[in-house]
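The values are calculated or read from the model by the stated rules, or taken from the named source; none is laboratory data. The structure presented is a predicted model; accordingly, all values stated were derived computationally and were not measured. Virtual Cβ from ideal backbone geometry, glycine too; neighbours counted across all protein chains shown.
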Amino acid sequence: MQANSFHLAIILDGNRRWAQKRGLPRLLGHRRGVENLRKLLPVFIASGITHLTTYALSTENLRERNTTELKSLFQLIEKFAKDDKIFFEHEIRLEVFGELKDFPSSTKKVLQNLIAKTSQHKKLVLNLALGYGSRAEIVRAANALIKAGKRATEKNFAQELFSSGQPEPDLLIRTGGTKRLSNFLLWQLAYAELFFSEKMWPEFDAAELEKALEFFRAQQRNFGK
């Protein structure tokens, strides 16, 4: 953990189930999830979080979701990135973990523009995991070292990951009541504390975040020693 840094990783789970439970369209659940992330960004900053990595769209999602749902998700991502006022009000820097090759060109362009425009912001680094799968990331890093003719060490392997240059997560939160990692940050989460919330992501709030942080503060971290 870097000095004065706190890296929170979140698996944003339960958007569709939240909507289905209320008899609402799945897309509304995703929309509420995006709105909740935006609403909570200032709360994360006020809580001392300096790096936030959110699992928004996995490689499995890209393969298994139907075309109509994916199109709606891409549109939500574009809207989130275009409505960029909060990134400047709160000095939030955007980064993307994942492969965007299967994303529409319009989505890629909007994301790349916001990454460039916020590159100097210091208060919070927001990593959106999009088209992301941890096993694919690990294979990608290994192939990069092989191509460079380098012998792998933990240090140079970590430098080939999407998270290169950032501290490893201190705490993982997964919402929605499910207790698994689902191919998310398998390398980076080696020594993270894990908190599983029963709340669906659209209903996750500042009080539930504080509960997770209280859980974290109560842990004795020895990093495998």
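Listing for the model above:
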quantity: Residue selected from region 36-63 under the condition under 26 Å from His121 (Cα atoms) and free of Cβ contacts under 8 Å to residues at least 24 places away in the same chain, by the criterion surrounded by the most Cβ atoms within 10 Å (Cβ to Cβ); calculated: Lys39
quantity: Leading residue by the ranking (surrounded by the fewest Cβ atoms within 10 Å (Cβ to Cβ)) among those in region 95-126 that are among the small types (Gly, Ala, Ser) and in contact with a strand residue (DSSP E or B) (Cβ under 9 Å, 6 or more places away or on another chain); calculated: Ser119
quantity: Region 187-207, subset in contact (Cβ under 8 Å) with a residue 24 or more places away in the chain and assigned to a helix (DSSP H, G or I), residue surrounded by the fewest Cβ atoms within 10 Å (Cβ to Cβ); calculated: Ala206
quantity: Candidate set from region 212-225 (those that are in contact (Cβ under 8 Å) with a residue 12 or more places away in the chain and in a helix (DSSP H, G or I)); member that is surrounded by the fewest Cβ atoms within 10 Å (Cβ to Cβ); calculated: Phe215
quantity: Neighbours by Cβ (under 7 Å, 6+ apart or cross-chain): first from region 135-155, of a type in the set (Gly, Ala, Ser) and surrounded by 14 or more Cβ atoms within 10 Å (Cβ to Cβ); second assigned to a helix (DSSP H, G or I) and at pLDDT below 95; calculated: Ala136/Thr59
